[in-house]
């Protein structure tokens, strides 16, 4: 008979909803999405028919029948055989859920999926209709445990008990009757709030109970059983009043303090008959155990229950067999036998002996006792031993070593009773400082010195008497630690900080380098000139040691040439905290320290990364320029450094006007104090005329002398009329080196190095000359962030502020190695903090938001068959040479081979004529890059754009120029051979000038202002992106009012792909080993080289088989494909209709949208 039933609406049966409902029911009710999608159709076609009086079944359209009860029977469909669950059982479950708990269909999917998190532990699958109205959890109350210890009986190695639960009543003012303790932790937590100590008892008892079930195993696992039992004893002690512990109905206390039995020797108590006299009886002794036991559990170690009701572990030094004798009756013996008892028994007993009345048993009394410390020296070895001395009433003194097994010692005719508790305390006092041995302990150097300065005074304060101290010579230690002394020199221009350490009221002094060397070595002491030893001021060095170590190194570096110098004001940030240690009683020193601390605070504000301080200063009168806000701040910062006698680096992003900020500084200096020495600006030759023009434009008051050209002559004579009329001298780096003697003979106010990365190599002749020129205020200008090129930092700051980083060796150890080799971010952060006050860097996106955007795009061109064949022949020819050299000498040792091979590959990508092989030039005459460049330039010119084209090879520009001439494209050129640079630059900036400017990267990549261009092309990428960025910013700088498009032409599937990958790597934080002109080969590994040249085990191909020299010309294919095929990067740009040259040279891709009409 068919029955009626309700179906859920179709909109309630989405796949996510079905998945959530099934997950709510069981974690095993998981089905693939494809199976879930069939469930709504099954539900729609389902019929319910009665199979008996109380049973019904669902019939589905695919002839499958299932009982209408959950989990009644498996399904025989293929899905069930694969997943042990299927769409038919899922449809039955959904229909039952809709009838019994329709509210589930209204809950969010995530709530159904996560419902298991709030179900009671162990509840399994939920009951239908319950999850949306959870029953209130039972009230959790405070509780106690009642623990009844079982006597050992015949199982002395067990530790059994019964634990019951006592809950608080509802009012919380009383306790209910004990009930059986739940076996499961979750059940206990449902109804009670046990403390952590009680939970520990519960867990340990459960573990011990489980072990007890394996009785045979338990007897064979005494260590495991003992560990559980002792942990449980400790838990009993921690639970304290929350635990009611009893034994045989009597309350018991638990303690972890080890228990020792004590043997007591005392006069016997004898009841005399009425008719006897004292003289008639022999005096007797009684030996009995002071305290017996109620029970003991023979674990390892044993646990005992004393008659006083304490449950404690047995002391490990006590043999367990003694436990069987503690109930033995007392033993009596004549008092005259005490001497023999002491000799034969008591002196050897391993337990404490108590004699309450020594004189009553025949023992001598002790007049005095003292602990003694004996010091003996053998060379540099200090032997330390301890003695405990008893002075008897007859005047004799007996000494004992640390022998814990002899509680009594016998004299010749007297018996000495020793105080074991006193002795144990004394040995513990000595043991807190040194290991106690009967033969003494030998200490060497720092161990000996630490004992003498720490332990000896401590033990002496506890009444230990020291012997042999006066005979110690090789390990003499000053009684007090060294004290620091900080003083400031009188100079107000040069920071002079003096730090030394003194002791014995100033009679003994140690210089700071010796103290710091010992402290850095992890030592606590320093050896004095007279061979004595003094303790370092540890607490003081913890606060100031790191800063003082820096200062010591800086001082050592500053004096490396033998000339004594102070530290210089640049050390103030390191010394700021030390200035607080100046002697407060010296008014003169306090005044000097106060002045320098104010300057240190000002520098600290500049170095505060969280915002620091904003310096303000009015630009000098006569400056013919309106400084932007950030330029005013930069000018104020430069003036601050000048006023503080400091050097610095203005590292603003390229194009932000470093020149005008520097000219404002120079004008301010010379206007405030006319006369005196001139200032000197050193810059690349390409920007000499720019400096002169901008000085004449912005600072017409400054009198400028250009020291340049073959007819430059000597500098104006010192004291002459011409020198007196010069404020600023301009020269190039080349002439700085060539005319070194002239510069070294003069002194300058400001010494400005524009594009200061030229000084990056400290061993170069240029850097050496720069360091030798005397100037009051050195200044570096560079658009490249110096903090990211660690190899340049030392050289740069050694020019700006000699000794800033100390010696080169220390700079590598302190900064370069942690950052480069271990990528230590904390060290890098400290380095940035160190240089931040002296380096000001602002980025365009931060301060020049009005600049138009700059977009960079990589254009990949495919080499035609001939140029590809040439490239592959170069690659395979060099492969064996390079990889063989790497295998023999490593990457660093094969530097020359690697650089030569990479250069040849790059030349093959650009133009065959660049290779120094006539065969290569005869083999291929076309260049894919040049053909693509010509097409792109024609598109740019058609759109009204002007373009800069950069290459590192002037010879490559020769071929580019020839191709442009062939296409009648007007252009200019600037490279190292250009003579009248100023005229070339003026012509370019003229709006009517040529639309293309060819520039060699080295000659024109820095310093120039070429804002007339809005398109930049890089023809040959190199490993470090900094050079390309600098060249790009010739156009993207202040004054540019159009978006700048930057294009990098890359030969696809060549070494240039690897170059782009490494460029991305160099843009990360750690770029310290990359030079702006070359690749640091050590950064490559064999995997990098194999990616470029191929693996050594590559199978030879037709190209491999060709010999490199001489090149063999091959017939060209009948129809050559386009040489310059543009390969767009993802996502691809929409391709417009292609148009072709008559010569079918390349596909034209209009990359440059025409300017919109105004």
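Annotations
- Per the conditions (1) under 17 Å from residue 653 (Cβ atoms); (2) in contact with a helix residue (DSSP H, G or I) (Cβ under 9 Å, 6 or more places away or on another chain), the sole criterion not satisfied by residue 825 is (1).
- On inspection, residue 959 does not qualify as in a helix (DSSP H, G or I), assigned by TED's automatic domain parsing to the domain that holds residue 1017 and modelled with pLDDT under 90.
- Unique match (being at positive phi and in contact with a helix residue (DSSP H, G or I) (Cβ under 9 Å, 6 or more places away or on another chain)) among 203, 231, 240: 240
- So residue 972, is it closer than 23 Å to residue 936 by Cβ, assigned to a loop (DSSP other than H, G, I, E, B) and either over 51 Å from the mean Cα position of the chain (by Cα) or in contact (Cβ under 8 Å) with a residue 24 or more places away in the chain (or both): no
- Subset of region 234-270 (residues that are loosely packed, with under 14 Cβ neighbours inside 10 Å and in a helix (DSSP H, G or I)): 240, 241
- Yes/no for residue 410 being outside the structural domain of residue 337 (by TED's automatic domain parsing) and modelled with pLDDT of 70 or more: no
- Checked against the criterion of being in a loop (DSSP other than H, G, I, E, B), modelled with pLDDT under 85 and within 30 Å of residue 118 (Cα to Cα), region 29-38 contains one or more residues that satisfy it.
- Where strands (runs of 3 or more DSSP E) sit wholly within region 622-733, those with at least 1 residues that are within 24 Å of residue 984 (Cα to Cα) and touching a strand residue (DSSP E or B) at 6+ places or on another chain (Cβ under 6 Å) occupy 679-683, 704-706, 728-732.
- Test: residue in region 884-902 that is assigned by TED's automatic domain parsing to the domain that holds residue 988 and more than 39 Å from the chain's Cα centre (by Cα): no
- Verdict on residue 451 being more than 30 Å from residue 425 (Cβ to Cβ) and crowded, with 17+ Cβ neighbours inside 10 Å: no
- Count of residues meeting criterion [in a loop (DSSP other than H, G, I, E, B) and either modelled with pLDDT of 85 or more or surrounded by fewer than 16 Cβ atoms within 10 Å (Cβ to Cβ) (or both)] in region 477-487: 3
- Some residue of region 79-88 being under 30 Å from residue 111 (Cα atoms), in contact with a strand residue (DSSP E or B) (Cβ under 8 Å, 6 or more places away or on another chain) and not in a loop (DSSP other than H, G, I, E, B): yes
- Any hit, region 718-735, residues being under 16 Å from residue 623 (Cα atoms), touching a helix residue (DSSP H, G or I) at 6+ places or on another chain (Cβ under 8 Å), touching a residue at least 24 places away in the same chain (Cβ under 8 Å) and surrounded by fewer than 17 Cβ atoms within 10 Å (Cβ to Cβ): no
- One residue alone among 323, 333 is in contact with a strand residue (DSSP E or B) (Cβ under 7 Å, 6 or more places away or on another chain), part of a helix (DSSP H, G or I) and more than 20 Å from residue 420 (Cβ to Cβ), and that residue is 323.
- Boolean, residue 361 is in contact with a helix residue (DSSP H, G or I) (Cβ under 7 Å, 6 or more places away or on another chain) and at pLDDT 70 or above: yes
- Taken as a whole, region 647-659 holds no residue that is out of contact with any helix residue (DSSP H, G or I) (no Cβ under 9 Å at 6 or more places or on another chain) and closer than 19 Å to residue 780 by Cβ.
- Residue in region 1036-1065 that is farthest from residue 858 (Cα to Cα), counting only those that are part of a loop (DSSP other than H, G, I, E, B) and at pLDDT 75 or above: 1041
- Here the helices (runs of 4 or more DSSP H) wholly within region 753-842 that include at least 3 residues being under 26 Å from residue 575 (Cβ atoms) and within 21 Å of the chain's Cα centre (by Cα) are 825-835.
- Region 909-956: number of residues that are assigned to a helix (DSSP H, G or I) and either more than 20 Å from residue 1010 (Cβ to Cβ) or at pLDDT below 85 (or both): 22
- Scanning region 976-999 for residues that are touching a helix residue (DSSP H, G or I) at 6+ places or on another chain (Cβ under 7 Å) and under 17 Å from residue 933 (Cβ atoms) yields 995, 996, 997, 998.
The values are calculated or read from the model by the stated rules, or taken from the named source; none is laboratory data. The model shown is predicted, which means the values in this text are computed figures rather than measured ones. No Cβ is skipped: glycine too gets one built from the backbone with ideal geometry, and neighbour counts run over all protein chains shown.
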